[in-house]
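Just below is one structure, and these are the notes that go with it.
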Amino acid sequence: MVLSTTSNKFVIAPLLVLAAFFRPVPKTLSLYEAVEPHMGTLFRIKVYAPDQISAQRGFQAAFERIDQLDKIFSDYRPESELSRITQEALGHPVRVSEDLFRVAQASEQLSIGTGGAFDLTIGPLTHLWRQARQDHRLPQAEAVQSAIVRCGYTKMHLDTAARTVQFDAPQMLLDAGGIAKGYAADEAVMVLAKLGLHSALVAASGDLALSDAPPGQTGWKIGIDSFDRADKPFTHVLMLSNAAVSTSGNGEQHLNSGGKTYSHIIDPKTGMGLQDDVTVTAISRHGITADAAATAISVLGCERGLAYAESQPNLAVFILVKSDGRVKSFESARFQELLHDNSFKETGESDR
Ligand code: ADP
Ligand code: MG
């Protein structure tokens with residue numbers, strides 16, 4: 001269509017007026033909060049939104065995404081992709097969902113980086129220990145040994161181009177309990193951002209993912225777990241944005257036997273629940289990394305755990321160890337930096 005200069009002016013002028021009239025005035029954002037049970041825990045979402053309706057829309061979409069991930073990663077549901085895949089992909093490659101592949105890939109990288117301290121294929125052992133906790137009895141040594149041989153990340157093969165997985169041994173089982181909550185928190189934050197809600201905090205009990213800082217603030221105020229000091233102030237308080245924080249420890253899930261306490265975190269080499277009273281907090285750019293790293297470092301223990309943390313450019317770690325009634329704390333160099341500069345900046349390559 002050809003418009004004459006005059007008609008062009010005629011059309012444009014009122015449009016400019018309208019545009020000026022409807023120019024969005026920056027709205028003030030308020031804090032909204034919602035909680036729902038998912039993945040065997042409570043997911044809490046805090047979000048800054050212009051109004052209740054946008055916040056509600058965000059909560060609904062975020063919880064739907066978390067629910068979708070629970071259906072993929074639950075090892076309590078026999079029909080979940082995670083539960084089915086070890087049988088279906090025995091001896092030949094099977095294409096999996098992007099979510100499962102992403103988690104399997106991140107797990108494999110961490111397994112390689114930690115000499116197998118973190119292992120997604122730890123299912124046979126974690127199922128055995130789950131039963132042991134229910135029975136209040138240590139698993140038999142032979143049962144532990146036969147579970148160990150069904151575990152091992154080197155028996156899982158990933159093909160990135162084809163997005164397939166393959167397993168070498170029968171009766172293998174995956175367990176994403178040490179990584180899926182962090183990943184779900186990341187995904188929830190991303191869903192909120194896609195809806196224009198850029199300042200959010202998603203917490204799956206001890207696994208937190210954060211986007212931009214609350215309006216006018218330098219970050220989300222995160223108190224680092226004070227471990228056995230519920231009545232005392234937090235050990236450290238950080239102001240974080242676009243970061244993730246995960247804490248792993250004995251928590252409620254442990255087994256007491258013969259005067260010893262066995263954690264729900266298992267050392268894949270010995271097949272035994274950890275006995276040291278250690279709480280690890282890992283801070284990274286994404287929840288998938290922070291969650292899995294906190295679990296892995298718990299297995300590695302203080303010295304090797306800190307060495308691993310120092311080898312990772314985007315990982316800050318704080319460890320509390322309790323022995324003989326005394327609590328000692330250890331901090332990675334990156335964690336000390338965070339205490340001083342109070343913001344999480346990515347250095348080098350992104351971890352995802
Ligand atoms: P929480 O579930 O309490 O947040 P973690 O993130 O540390 O704690 O995850 C612990 C869970 O990870 C266990 O309940 C189990 O499902 C799984 N797991 C236990 N040991 C290992 C391991 N060595 N590698 C990978 N996952 C593990
Ligand atoms: Mg974890």
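The values are calculated or read from the model by the stated rules, or taken from the named source; none is laboratory data. Only a predicted model underlies this, so the values are computations on that prediction, with no experimental measurement involved. When we count neighbours, we look across all protein chains shown, and the Cβ atoms used for this are built from the backbone with ideal geometry, even at glycine. SASA here: full protein model, heavy atoms, side chains in, ligands and nucleic acids out. Shrake-Rupley method; radii C 1.70, N 1.55, O 1.52, S 1.80 Å.
Odds and ends about this structure:
- Pair list, Cβ under 7 Å, 6 or more apart: the range 114-143 residue over 16 Å from Gln171 (Cα atoms) and without any contact (Cβ under 8 Å) to a residue 12 or more places away in the chain, other residue within 11 Å of ligand 1 (Cβ to nearest atom) and not polar (S, T, N, Q): Pro139/Trp129
- Residues in the range 238-270 that are outside any strand (DSSP E or B) and within 10 Å of ligand 1 (Cβ to nearest atom): Gly249, Asn250, Gly251, Glu252, Gln253, His264, Ile265, Pro268, Lys269.
Residues checked against (1) at pLDDT below 95; (2) part of a strand (DSSP E or B); (3) touching an Asp or Glu at 6+ places or on another chain (Cβ under 8 Å); (4) not aromatic (Phe, Trp, Tyr):
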| position | (1), (2), (3), (4) |
| --- | --- |
| Ala203 | no, yes, no, yes |
| Pro215 | no, no, no, yes |
| Ile222 | yes, yes, no, yes |
| Lys232 | yes, no, no, yes |
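- For the range 151-166, the set of residues classified as in contact with a Lys or Arg (Cβ under 7 Å, 6 or more places away or on another chain) and among the charged types (D, E, K, R) consists of Arg163 only.
- Every pair of residues 6+ apart whose Cβ atoms lie under 7 Å, when the first sits in the range 283-303 and is under 14 Å from Ile265 (Cβ atoms) and open to solvent by less than 20 Å² (accessible area, probe 1.4 Å) while the second is acidic (Asp, Glu) and near ligand 1 (Cβ under 10 Å from one of its atoms): Asp291/Asp207; Val299/Asp267
- Filtering Gly115, Gly123 for residues that are among the small types (Gly, Ala, Ser), over 28 Å from Met190 (Cα atoms) and open to solvent by 10 Å² or more (accessible area, probe 1.4 Å) leaves a single hit, Gly115.
- There is no residue in the range 97-106 that is within 9 Å of ligand 1 (Cβ to nearest atom), closer than 25 Å to Ala161 by Cα and open to solvent by less than 20 Å² (accessible area, probe 1.4 Å).
- Yes/no for Arg44 being more than 28 Å from Val96 (Cβ to Cβ) and open to solvent by 20 Å² or more (accessible area, probe 1.4 Å): yes
- Residue within the range 120-133 that is within 30 Å of Leu192 (Cα to Cα) and either at pLDDT 95 or above or not in a helix (DSSP H, G or I) (or both) present: yes
- Looking only at the range 190-202, and only at residues there that are open to solvent by less than 20 Å² (accessible area, probe 1.4 Å) and out of contact with any helix residue (DSSP H, G or I) (no Cβ under 7 Å at 6 or more places or on another chain), the one that is farthest from Ala293 (Cα to Cα): Ser199
- Residues satisfying the stated conditions in the range 155-183, i.e. under 23 Å from the mean Cα position of the chain (by Cα), open to solvent by 50 Å² or more (accessible area, probe 1.4 Å) and polar (S, T, N, Q): Thr160
- Residue match in the range 266-285 (condition: within 17 Å of the chain's Cα centre (by Cα), modelled with pLDDT of 95 or more, among the hydroxyl-bearing types (Ser, Thr, Tyr) and within 14 Å of ligand 2 (Cβ to nearest atom)): yes
- Entry remark, the range 47-80: residues being in contact (Cβ under 8 Å) with a residue 60 or more places away in the chain, more than 15 Å from the chain's Cα centre (by Cα) and over 14 Å from Glu36 (Cα atoms) number 7 in total.
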